[in-house]
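Q: Below you will find the structure I want to go over with you.
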Amino acid sequence: EKRIKRSFPVSTVSLEKLNRMNKSGSGILWLIPHFCHADALSFLRPKSQVNALYRPLRNPVFDDFVKKSRQRFGVRTIDRKDGGMLKTLKVLKKGEILAMLFDQNAGRAGTRLTFLGAECSCTTLPDILNEKYQPRILFVYTKRTGFWKSTFEVEEMGELKTNELVIEKANEWLEDKLRNDSNLRTNWLWMHQRWKPNVGQPRKGKIR
């Protein structure tokens, strides 16, 4: 555990943001991008309970390994296919933390938006949760510093513009990181079928 803490430190500024949010008493939503070492975020131990939404792997051996690795430091995992939606609502209602990857293809159930100039299907879950519980929303991510080494970074999401979706704000934030930070750009998972044209529901200003 000491070695892990040395390899994956959290900055004082980021730690202060986490602690301040924990004291707010409201539910907290961590939006996590697919940067290198993203699973290391399970090492964080804020005062509130962390619940991670995940999509089970097809291989049961790999799935069991990943699940146990994430739970090692107290994270509770929520299976998307096993009543995951209802469980996420309960997490925020209790004022706990819900962590989720937001930058993956959401298929036919998602909202069709543009990311880096190309069409893709984006998850509607952050907006459903925001509409119901107005959680504090944070971008929590890893920034690689070397072999099996990263720092933990935390940024609060700014206020939404009129009719702007949470996922639109998140896409805009990630686009800025990929365009302007060479470290994050080279350590983002580009090969995860992010872009699939004509997939997902058209953006009509209202989340289903």
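Q: Under a Cβ-Cβ cut-off of 13 Å, what is the net charge of the residues other than L101 that fall near it, where Lys and Arg count +1 and Asp and Glu count -1? Please report the intermediate quantities before stating the final value.
A: Numbers: positive: R55, R70, R80, R194; negative: D39, D103.
Summing Lys and Arg as +1 and Asp and Glu as -1 gives +2.
Q: Quick check: with the 1.4 Å probe, what order do T12, T77 take by accessible area, largest first? Kindly include the intermediate steps, with their values, before the conclusion.
A: Numbers: T12 100, T77 30 Å².
Order by accessible area, largest first: T12, T77.
Q: Just give me a number: lysine pairs in segment 15-111, eight or more positions apart or cross-chain, with C-alpha atoms less than 15 Å apart. Each step should come with its number before you reach the end.
A: On the way: K17/K47; K23/K47; K23/K94; K47/K94; K67/K81.
Step by step, the pairs that qualify in segment 15-111 add up to 5.
Q: Further question: Compute a Gaussian network model of the chain, connecting alpha carbons closer than 10 Å, and tell me which residue from N187, N22, N59 fluctuates the most.
A: Of N187, N22, N59, the Gaussian network model singles out N59 as fluctuating most.
Q: Comparing M191, M157, M100, which has the greatest mean-square fluctuation in the GNM of the chain with Cα pairs linked when under 10 Å apart?
A: It is M191.
Q: May I have the pair-distance distribution P(r) for segment 96-208, computed from all Cα-Cα distances with 10 Å bins from 0 and rounded to whole percent?
A: Here the calculated profile for segment 96-208 is 12, 44, 35, 9, 0.
Q: Heavy atoms only, probe 1.4 Å: what % of the accessible area of the chain goes to carbon and sulfur, would you let me know?
A: Reported share for carbon and sulfur atoms: 50 percent.
Q: Still on this model: Anyone know which of A109, A40, A170 comes out most mobile in the 10 Å Cα GNM of the chain?
A: Judging by the Gaussian network model, the answer is A109.
Q: Another question, if that's okay. Under the definition of Cα pairs under 8 Å and six or more residues apart, what whole-number percent is the relative contact order of segment 95-162? Present the calculation step by step, with values, prior to reporting the outcome.
A: Numbers: 62 pairs, mean separation 12.8, N = 68.
Value for segment 95-162: 19 percent.
Q: Mind listing the Cα extents of segment 1-128 along all three principal axes, in Å, largest one first?
A: Here the spans come out as 42, 37, 32 Å, largest first.
Q: Using R₀ = 35 Å, calculate the FRET efficiency as 1/(1 + (r/R₀)^6) where r is the Cβ-Cβ separation of T162 and I4; round to 0.05. Mind dumping the intermediate values first?
A: On the way: r = 44 Å, r/R0 = 1.24.
About 0.20, to the nearest 0.05.
Q: Identify all aspartates and glutamates with a Cα-Cα distance to K2 below 18 Å; exclude those on the same chain that are fewer than 8 residues away in sequence.
A: Answer for K2, where 18 Å is the Cα cut-off: D39, listed by chain and number.
Q: Here is a further query. Which order do the peptides 78-86, 160-168 come out in when sorted by mean C-beta neighbours inside 10 angstrom, highest first?
A: For the peptides 78-86, 160-168, the packing ranking is 160-168, 78-86.
Q: Heavy-atom accessible area per residue, the chain, 1.4 Å probe: how many Å²?
A: On the way: 11750 Å² over 208 residues.
In whole numbers, the chain has 56 Å² accessible per residue.
The values are calculated or read from the model by the stated rules, or taken from the named source; none is laboratory data. Keep in mind that what you see is a predicted model, and the values were worked out from it rather than measured. Glycine gets a Cβ as well: all are built from the backbone with ideal geometry, and neighbour counts include every protein chain shown. Side chains are part of the model used for accessible areas, which takes the heavy atoms of the whole protein and leaves out ligands, DNA and RNA. Shrake-Rupley method; radii C 1.70, N 1.55, O 1.52, S 1.80 Å.
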